[in-house]
Amino acid sequence: MAEFHGETPSTQSKISLALPRSHCPHCQQTIRVRDNIPLLSWLMLKGRCRDCQAKISKRYPLVELLTALAFLLASLVWPESGWGLAVMILSAWLIAASIIDLDNQWLPDVFTQGVLWTGLIAAWAQQSPLTLQDAVTGVLVGFITFYSLRWIAGIVLRKEALGMGDVLLFAALGGWVGPLSLPNVALIASCCGLIYAVITKRGSTTLPFGPCLSLGGIATLYLQALF
């Protein structure tokens, strides 16, 4: 059985979303404004740093493209809507959190809290399909459910089988989909996790579950809107 982890076992590192500025991962040179245009700059520089000419990973333009597509989809499903803007922000939080979790098997609090508060603020501002009461209930139900699962799995397996970051992310998503749709999030996330484990042959090793929860949450939101 795969272990689902969402954070480092010790303390959370301090993460700033603004500092330091974007820089080359090889020479550490700060990227110029003209070289920091999503997608276009990477293409114009042919995937290399202007200063040291080192190759820049294709991950950067792919993440930028994924974010752009997520924004476009939200604008099409919820045109001229405050909720559409909220879903765009949610998409950005989840994409960033998923990339970090895939790399480090760690979900930083700044992202799970971002998902939480963006959803609650949208409900408070009456831009969400949920009332503020339903959103808060979704958060509480999500936390209690996954924390209980984490506790039970820890007793049965005698090791941590679900990271606290995953618990917090599932709870935060409850503020977006509501308590009644949380089973859908868990089901879709579990299916994604199973597929990932089979494809990567990681059935007996640690599995980053944050991206699976992110897909489950986003998929549930769009299913709610379309059906």
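The values are calculated or read from the model by the stated rules, or taken from the named source; none is laboratory data. Quick caveat, the model's predicted, so the values are computed rather than measured. For neighbour counting, all protein chains shown are included, and Cβ atoms are generated from backbone atoms with ideal geometry for every residue, glycine included.
Can you tell me which residues in the range 105-124 are in contact (Cβ under 8 Å) with a residue 60 or more places away in the chain and under 19 Å from Cys192 (Cβ atoms)? Passing the criteria: Gln105, Trp106, Leu107, Thr112, Val115.
Filtering the range 66-75 for residues that are surrounded by fewer than 18 Cβ atoms within 10 Å (Cβ to Cβ) and modelled with pLDDT under 90 leaves an empty set. The set of residues in the range 31-48 that are more than 20 Å from Thr67 (Cβ to Cβ) and either surrounded by 13 or more Cβ atoms within 10 Å (Cβ to Cβ) or among the aromatic types (Phe, Trp, Tyr) (or both) contains only Arg48. Cβ separations smaller than 7 Å between residues 6+ apart or across chains give the following pairs from the range 58-85 residues that are under 17 Å from Ile99 (Cα atoms) and assigned by TED's automatic domain parsing to the domain that holds Thr118 to residues that are surrounded by 15 or more Cβ atoms within 10 Å (Cβ to Cβ) and of a type in the set (Ser, Thr, Tyr): Thr67/Ser91; Ala70/Ser91. Taken over the range 158-182, the criterion of being free of Cβ contacts under 8 Å to residues at least 40 places away in the same chain and part of a helix (DSSP H, G or I) is satisfied by Gly174, Leu180. Against the numbered list (1) surrounded by fewer than 24 Cβ atoms within 10 Å (Cβ to Cβ); (2) in contact with a Pro (Cβ under 9 Å, 6 or more places away or on another chain), Leu107 comes up short only at (1). Do you know which of the residues in the range 158-201 that are among the aromatic types (Phe, Trp, Tyr) and closer than 26 Å to Trp83 by Cβ is surrounded by the most Cβ atoms within 10 Å (Cβ to Cβ)? Going through the qualifying residues, I end up with Trp176. In the range 146-157 there is no residue matching the filter, namely being in a loop (DSSP other than H, G, I, E, B), crowded, with 17+ Cβ neighbours inside 10 Å and touching a strand residue (DSSP E or B) at 6+ places or on another chain (Cβ under 8 Å). Give the residues of the range 44-68 that are within 19 Å of Val33 (Cα to Cα) and in contact with a helix residue (DSSP H, G or I) (Cβ under 7 Å, 6 or more places away or on another chain), sorted by residue number. Those that are within 19 Å of Val33 (Cα to Cα) and in contact with a helix residue (DSSP H, G or I) (Cβ under 7 Å, 6 or more places away or on another chain): Leu45, Arg50, Ile56, Tyr60, Pro61, Val63. One residue stands out among those in the range 202-223 that are modelled with pLDDT under 95 and exposed (fewer than 15 other Cβ atoms within 10 Å of the Cβ): the one that is nearest to Pro179 (Cα to Cα), which is Thr206.
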